[in-house]
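A.B. asks: Mind having a look at this structure? Questions to follow.
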Amino acid sequence: MTSIRSRLTAGLALIILFFVAQAALVWWGQDNARRDVVDATRKNTVASSQLSELAVLAQQIRRYEKEYFVYVSNRERRDGYTKEWNATADKMGKLLENIRANPDKAFTGEDVAAVTTWTQAADFYNGEMRRIFELVNAQPSAPTTSGSLTVTPTALSPIEVNGMITAGKDRFSGVLIKGVSTMAAEKTKQTLGLAELASNRFNQLLTAVLVTVAVGILVALGLIFTLPKAVSGPLAQLTEAVDQISKGKVDQKVTVANIAEFDGLSQALERLRLGQQALIARLRR
């Protein structure tokens, strides 16, 4: 046997459940949106910082290369640029290795594959430059005497040395420098797109909230229509039963819908009907 109270409690509990679910949904949605945006921002910031540093090192190493070629005939100057070039090459190698390791998960698998290609281009360029260093350093730096003849070695000119690095620098510039520029632009684009990402996430959250609100409204409307009917229906039946008994019509059994609040009243009316029925039967005898 059900009761109006149990129906009302169940309805209110359902509405409360919807409010709790809505609050949980809002919290979960905004937390996920915040976490995704913060994580994407962190990754793009780390990636952009490393790419910027790599671009600077790449430009530096090319500058030291050019300065080396300009002063290739000046031992002191070229040794200084060789040292600068080697230091920059070491920094770039470590940075490329760190990017490939990707400890901050700032790069995708596709990005890491591209960085591997950059590393190969850098290694090829580095090998070509170091071969040039060895070749230049192997050139005699002063006139030598052979028998009665004094031989003055012909030093490599900047144009000749520069021609030796053509394949290496073309690969370095076309693969690494261009690749870094392209990827940096893409990371910048992604960073600028974070506002749209946040907007989309919050729009999804708003949609979910509106759906739960709509469901809650439907539940409330259901309660508005069903609860009054749960009271008015049994009352109408009891009113009809009392009216019939008052008119002496005591043959119809008093029955009420299975509602606990009206059970006692319906039983009392049924006893009254039976009593009236017995009294009328005696009077007729």
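The values are calculated or read from the model by the stated rules, or taken from the named source; none is laboratory data. Here the structure is a predicted model, which means the values were calculated and not measured. No Cβ is skipped: glycine too gets one built from the backbone with ideal geometry, and neighbour counts run over all protein chains shown. In case anyone asks, the SASA skips ligands and DNA or RNA and just uses the protein heavy atoms, side chains included. Shrake-Rupley method; radii C 1.70, N 1.55, O 1.52, S 1.80 Å.
A.B. asks: Which listed residue (Ala47, Val254, Val136) has the Cα farthest towards the positive end of the charge dipole for the chain, taking +1 on Lys and Arg C-beta and -1 on Asp and Glu C-beta about the Cα centre?
C.D. replies: Checking the options against the dipole of the chain, the answer is Val254.
A.B. asks: How long is the gain from Thr108 to Asp31 if the chain were fully straight, where each residue apart is worth 0.36 nm and the alpha carbon distance is subtracted?
C.D. replies: On the way: separation 77, 0.36 × 77 = 27.72 nm, distance 2.36 nm.
That works out to 25.4 nm of additional length.
A.B. asks: Once you've got the GNM for the chain with C-alpha springs shorter than 10 Å, pick whichever of Ile177, Ile245, Ile15 has the biggest mean-square fluctuation.
C.D. replies: Its mean-square fluctuation being the largest, the pick is Ile245.
A.B. asks: For the chain: lysine pairs with Cα atoms under 25 Å, gap of 8 or more or different chains, count?
C.D. replies: Counting lysine pairs in the chain gives 29.
A.B. asks: Let me ask something else about it. So between Leu279 and Asp123, what do we pick up on full extension, going 0.36 nm a residue minus the alpha carbon distance?
C.D. replies: On the way: separation 156, 0.36 × 156 = 56.16 nm, distance 11.62 nm.
Result for the pair: 44.5 nm of gain on full extension.
A.B. asks: Which FRET efficiency value, to the nearest 0.05, do you get for Thr239 and Arg5 by plugging their Cβ-Cβ distance into 1/(1 + (r/R0)^6) with R0 = 25 Å?
C.D. replies: On the way: r = 22 Å, r/R0 = 0.86.
It comes to 0.70.
A.B. asks: Further, regarding this structure: What is the packing order of peptides 183-191, 200-208, taking the mean over residues of other C-beta atoms within 10 Å and listing the highest first?
C.D. replies: On the way: 183-191: 15.8, 200-208: 13.8.
The most tightly packed comes first, giving 183-191, 200-208.
A.B. asks: Put a dot 7 Å past each Cα toward the Cβ at Val56 and Ser173; how far apart are the dots in nm?
C.D. replies: Calculated label separation equals 2.3 nm.
A.B. asks: Which entry in [x] 0.99; [y] 1.08; [z] 1.63 is this structure's computed Rg/Rh (Cα atoms, Kirkwood Rh)?
C.D. replies: Comparing each candidate, only [z] matches the computed number.
A.B. asks: Could you check the simple spin-label distance between Val38 and Ala198, using points 7 Å along Cα→Cβ, in nm with one decimal?
C.D. replies: Here the modelled spin labels are 1.3 nm apart.
A.B. asks: For segment 1-124, what number results from the quotient of the Cα radius of gyration and 2.2 N^0.38 Å? It would help to have the intermediate numbers written out before the result.
C.D. replies: Details: Rg = 29.4 Å, N = 124, 2.2 N^0.38 = 13.7 Å.
Working it through for segment 1-124, the quotient is 2.14.
A.B. asks: May I ask you to list the residues of segment 114-140 whose amide nitrogen lies under 16 Å from a point 7 Å from Cα along the Cα→beta-carbon direction of Thr182?
C.D. replies: Under cut-off, by backbone N: 114-122.
A.B. asks: Which number comes out as Rg/Rh for segment 32-91 once both Rg and the Kirkwood Rh are worked out on C-alpha atoms? Before the final figure, lay out each step's value.
C.D. replies: On the way: Rg = 18.5 Å, Rh = 13.6 Å.
Ratio of gyration radius to Kirkwood radius for segment 32-91: 1.36.
A.B. asks: Among all helices in the chain defined by DSSP H, which have a length of 18 Å or more along the axis from Cα atoms plus a Kyte-Doolittle mean of at least 0.5? Before the final figure, lay out each step's value.
C.D. replies: Details: long enough: 4-70 (98 Å, 0.13); 75-101 (39 Å, -1.45); 109-137 (42 Å, -0.22); 178-192 (21 Å, -0.57); 194-246 (78 Å, 1.11); 263-284 (31 Å, -0.20).
Passing helices, by number: 194-246.
A.B. asks: Here's a follow-up. Pick from Gln60, Gln30, Gln237 the residue whose mean-square fluctuation is largest in a GNM of the chain, springs joining Cα atoms under 10 Å.
C.D. replies: Result: Gln237 has the largest fluctuation of those listed.
A.B. asks: Something else about it: Near the amide H of Asp104, under 5 Å away, which other amide H atoms are found, from residues 5 or more places off or on another chain, if H is placed in the peptide plane?
C.D. replies: When sequence neighbours closer than 5 places are left aside, there are no close amide H contacts.
A.B. asks: May I ask for the distance between the Cα centers of segment 183-204 and segment 1-58, given as a whole number of Å?
C.D. replies: Computed from Cα coordinates, the inter-centre distance equals 18 Å.
A.B. asks: Separate question: Can you give the helix-only mean residue ellipticity at 222 nm for the chain, where every DSSP H stretch with n ≥ 4 adds -39500 (n - 2.57) and the sum goes over all residues, rounded to the nearest 500 deg cm²/dmol? Let's see the in-between values first.
C.D. replies: Values: 8 runs with 226 residues, N = 285.
It comes out at -28500 deg cm²/dmol, rounded to the nearest 500.
A.B. asks: So how far apart, in nm, are the two label points at Leu12 and Ser246 if each is 7 Å from Cα heading toward Cβ?
C.D. replies: 3.4 nm
A.B. asks: Here's another thing I want to ask about it. On the protein heavy atoms, probe 1.4 angstrom, tell me the percent of accessible surface of the chain carried by carbon and sulfur.
C.D. replies: Values: 10520 of 17550 Å².
Carbon with sulfur: 60 percent of the solvent-accessible area.
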